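Written out below as structure tokens is the structure these notes cover.
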Amino acid sequence: MATDKEHGEGNYKASRDYNERTKRFVDSGKVDEAAQDAAPHDAQEAAEMQQAEEVGRSHAKGEDPALRKGQGGKPQGQR
């Protein structure tokens, strides 16, 4: 068992760092630009992204119920 209290499950320092960097990014006003840059550029890329999402979902144990909170029963991204 690791004696390092800084790493592993419950790594508060990494979590705090991630949250701070995420907040800075959101506050920068660049979210929409980044979303547009991440969008598929053509039908082939859209199909590849859809296939990759399906592969990822096939490995999942199930949908996180928290995704449905406040969404009228629809997962995020499908409003």
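The values are calculated or read from the model by the stated rules, or taken from the named source; none is laboratory data. These figures come from a predicted structure and were not determined experimentally. All Cβ positions, even for glycine, are placed from backbone atoms using ideal geometry, and neighbour counts span all protein chains on display.
Structure summary
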item	result
Verdict on M1 being out of contact with any Lys or Arg (no Cβ under 7 Å at 6 or more places or on another chain), of a type in the set (A, V, I, L, M) and at pLDDT below 80	yes
Of residues in region 37-71 being polar (S, T, N, Q) and at pLDDT 95 or above, the one farthest from R21 (Cα to Cα)	Q44
Residues being under 14 Å from the mean Cα position of the chain (by Cα) and in a helix (DSSP H, G or I) - total across region 28-71	9
Every residue from region 4-27 that is charged (D, E, K, R), part of a helix (DSSP H, G or I) and either modelled with pLDDT under 90 or touching a helix residue (DSSP H, G or I) at 6+ places or on another chain (Cβ under 9 Å) (or both)	K13
Cβ-Cβ under 8 Å pairs, at least 6 apart or on other chains, region 53-79 side among the polar types (S, T, N, Q), far side modelled with pLDDT under 65	Q71/R79
